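**Q** Submitted below is the structure of interest, expressed as structure tokens.
Each value in this text was obtained by applying a stated rule to the coordinates, not by laboratory testing. Predicted model, so just to flag it, every value in this text is computed and none were measured. Cβ atoms come from the backbone with ideal geometry, glycine included; neighbour counts cover every protein chain shown.
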Amino acid sequence: MKPLLVLAAMTAFAASSLQVHGHRGARAVRPENTPPAFEYAIAAGVDVLELDMAVTKDDVVVVSHDPVMNAEICRGPGGARPIRSMTLAEVRQWDCGALRNPRFPRQQPVPGTRMPTLDEVLALAPRGSFHFNIETKIFADRPELAPPPDRFAQLVLEVVRKHHLESRVILQSFDFRTLRAMKRLDPRIRLSALDEDGRLDFVELAREAGSTIVSPHYPLVTPEKVKAAHAVGLQVVPWTANEPKDWDALVAAKSDAIISDDPAALIQYLKERKLR
């Protein structure tokens, strides 16, 4: 896609009403970061699928929040190991749909569900016009858990380009090294700076990350911070709010989007208030 067309698509997307991001698909009701969760979120009408990425030993980008196989939500042989130390074939031996996350009593297990690759998730793109908000799980103090930042960004970009989704992908991270690497590789990819401690205000956060989107933990959001971000052309996409009282506050603050574990409930909430 030509740069001007990418810009036009981004502008049209940003200009629409408050966006709903399905956190890890829809983990309130389906196993997180799995095809059933993403398919549920698409059917519910999400604007964006939010997901996390790790990389296997054989350099396949897979969709997982945890850099180590999480025995609380996945069942497999040999005990929990870092995904980076496992081949894709070894990762595929784990069932990541049979166990219900104990924090989400409404979650419906889907036994036999395997951890998807990023390639498989991006292949869902023809099912709608939704976008993808994809997070690099990389840790400066644990370099063994992920490829180096430049390599991680390159592996992700190869998959994005395979599906021609440059205009529909946001790359987010707490570790801004991968954001800066992606900006060097392909400045068309939108970047989002994740934040959980409020060390910097939103404008400073974006400047440090080189991003056009800031994604703070939702309690950090105030109308004043959002106004300052909007004044310099930034978008504010808080995570992860699941209760109407918190949605009320984020709507009042004029957030651009809300990331939620229960996107169907959030969409219904917005419809009831004539916000969608």
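**Q** Rounded to whole Hz and in sequence order, give me ³J(HN,Hα) for the stretch 248-263 from the Karplus expression 6.51 cos²θ - 1.76 cosθ + 1.60, θ = phi - 60°, writing x for Gly and Pro.
**A** 4, 5, 6, 5, 4, 6, 6, 4, 7, 7, 9, 8, 9, 6, 10, x
**Q** Full extension from Arg161 to Arg127: what is 0.36 nm times the residue separation minus their Cα-Cα distance, to one decimal in nm?
**A** Numbers: separation 34, 0.36 × 34 = 12.24 nm, distance 1.79 nm.
Answer, rounded to one decimal: 10.5 nm.
**Q** Ok, one more. In percent, how large is the relative contact order of the stretch 27-174, given Cα pairs closer than 8 Å and 6 or more residues apart?
**A** It rounds to 28 percent for the stretch 27-174.
**Q** Counting helices only, and only those DSSP H runs with n ≥ 4, report the 222 nm mean residue ellipticity of the chain as the sum of -39,500 (n - 2.57) divided by its residues, in deg cm²/dmol to the nearest 500.
**A** Rounded to the nearest 500, it is -9500 deg cm²/dmol.
**Q** Tell me which residues come under 5 Å, amide H to amide H, from Asp195 once H is placed; ignore anything under 5 positions away on its chain.
**A** So Asp195 has HN proximity to Ser215, His217.
**Q** Averaging sequence separations of C-alpha pairs under 8 Å and six or more residues apart, then dividing by the length of the stretch 93-143, give the relative contact order as a whole percent. Please report the intermediate quantities before stating the final value.
**A** On the way: 32 pairs, mean separation 14.3, N = 51.
Value for the stretch 93-143: 28 percent.
**Q** In sequence order, what are the phi-derived ³J(HN,Hα) couplings for the stretch 178-187 according to the Karplus relation 6.51 cos²θ - 1.76 cosθ + 1.60 with θ = phi - 60°, rounded to whole Hz, with x for glycine and proline?
**A** 6, 5, 5, 5, 5, 4, 5, 6, 7, x
**Q** In addition: Relative contact order of the stretch 86-243, please, whole-number percent, based on alpha carbon pairs below 8 angstrom and at least 6 residues apart.
**A** Relative contact order here is 14 percent.
**Q** Give me the distance in nm between label points sitting 7 Å out from Cα along the Cα-to-Cβ direction at Ala140 and His217, one decimal.
**A** Distance between the two pseudo-spin positions: 1.8 nm.
**Q** With θ set to phi - 60°, apply the Karplus curve 6.51 cos²θ - 1.76 cosθ + 1.60 along the stretch 18-24 and write out the HN-Hα couplings as whole Hz, x wherever there is a Gly or Pro.
**A** Ordered by residue, 3J(HN,Hα) equals 3, 8, 10, 9, x, 5, 6 Hz.
**Q** Name the long-range amide H neighbours of Ala257: under 5 Å, sequence gap of 5 or more, or other chain; modelled H, no Pro or chain starts.
**A** For Ala257, the qualifying residues are Gln19, Val236.
**Q** Report, ordered by chain and residue number, the aspartates and glutamates lying within cross-link reach of Lys183, taken as a straight Cα distance under 16 Å and ignoring same-chain residues fewer than 8 apart.
**A** Glu135, Asp150, Glu158, Glu166, Asp175, Glu208
**Q** Follow-up. Quick one: if you stick a label point 7 Å off each Cα along the C-beta vector at Arg273 and Ala228, how many nm between them?
**A** 2.4 nm
**Q** Using the basic label-point model (7 angstrom from Cα toward the beta carbon), what is the Ala89 to Glu208 distance in nanometres?
**A** In this crude label model, Ala89 to Glu208 measures out at 4.4 nm.
**Q** Return the subset of Lys137/Lys225; Lys225/Lys271; Lys245/Lys274; Lys227/Lys271; Lys137/Lys227 for which the Cα-Cα distance in this structure is over 21 Å, preserving the input order.
**A** Lys137/Lys225; Lys225/Lys271; Lys227/Lys271; Lys137/Lys227
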